[in-house]
Amino acid sequence: MSKQTNSQPIYSMTGFARHRGRINESLGWTLVLKAVNHRFLDLHMRMPAGSEALEMQLRRQFKSAILRGHLEITLTIERASQQQVEMDHGLVASYIAAFRAAAAEHRLRETPSLQTILQLPGVFRTNLQGGNGNGSADVRTAEMELIEASVVAGLPEAVSALQTMRGQEGAALAAELAAIVDRITTFVDRVTELHGPMQAAHFERTSARIAALLGGVADRERLLQEAALLADRSDVSEELARLRAHVEHFRQMLAGGGELGKKLDFLLQEMNREANTMLSKTAGIAGAGTQVTEIGLGLKSEIEKAREQVQNLE
């Protein structure tokens with residue numbers, strides 16, 4: 001496998017990152033980034049209500065950092081829930097007044113028991129602080145401003161984590177593509193070795209068939225010319241030369257790095273076209289031609305594998 005030294009990183013379009021931030025003990029946030037394949041850059045935002053300004057900032061940041069792919073951005077606000085217990089003083093006073101009224105009505109000397117009264121229904125109530133409570137509009141606005149500032153400050157780290165994963169995936173894809181190109185080169189070399197003997201054998205067989213059909217009546221020079229023309233139709237030297245040029249270009253692009261997905265896919269389409277032409281020219285030729293057909297099919301298989309891989313590149 002040939003080694004690639006990239007001047008620019010190669011990114012996969014798939015990646016994942018999760019980044020958390022905390023503003024105070026009761027308020028925090030989590031930003032989740034999920035990236036998958038897409039023909040263009042497609043940003044899908046899942047944001048809490050009231051964060052329109054933050055959404056615009058996030059869109060600008062991601063458009064400058066990512067070139068292609070479907071990116072799902074989810075921001076979750078985390079508020080710590082605290083329960084405060086409060087006593088209903090008015091209800092307690094009513095219970096005590098009712099107890100005393102009943103005692104007076106029945107001429108009882110008993111006094112109300114505080115422990116008993118505190119166990120009566122409704123004396124205590126809980127007040128849920130945080131969560132999705134209905135604070136004032138000013139409080140919510142101030143809170144969102146704090147969140148926006150914190151998210152914007154933490155965004156470079158979140159993007160860096162996503163790019164790190166995409167870069168690791170991209171490096172693995174580049175290594176696999178380099179290995180595939182090496183196998184493609186091996187197939188081209190094998191066809192090149194077989195090309196001369198295949199042409200010679202095809203010429204001889206074609207000459208013999210023409211001579212047999214004409215019964216030896218035709219001029220020998222004319223016969224050889226016709227046989228040469230027919231044999232020339234199976235000449236794949238131009239296809240082999242173009243395949244080698246495409247392979248070299250492919251390697252150069254991998255070494256350069258950067259945004260390669262669409263460019264490499266186009267180059268592989270050209271390789272596939274040359275492989276198809278080579279197979280059509282050598283179809284039906286016995287001997288070495290049969291071997292060339294088998295090699296050509298293997299060549300097309302490797303090209304298809306490469307095309308599947310480049311679909312994941314940015």
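General observations
- Residue-level check: of (1) in a helix (DSSP H, G or I); (2) touching a residue at least 24 places away in the same chain (Cβ under 8 Å); (3) surrounded by fewer than 21 Cβ atoms within 10 Å (Cβ to Cβ), Asp235 misses just (1).
- Close pairs from the range 93-113: first closer than 18 Å to Val123 by Cα, partner of a type in the set (Lys, Arg), Cβ under 7 Å, at least 6 apart: Pro112/Arg100
Coordinate-derived values only; no laboratory data. Bear in mind that the values here come from a model prediction, so they are computed numbers and not experimental data. Every residue, glycine among them, receives a Cβ derived from its backbone with ideal geometry; neighbour counts consider all protein chains shown.
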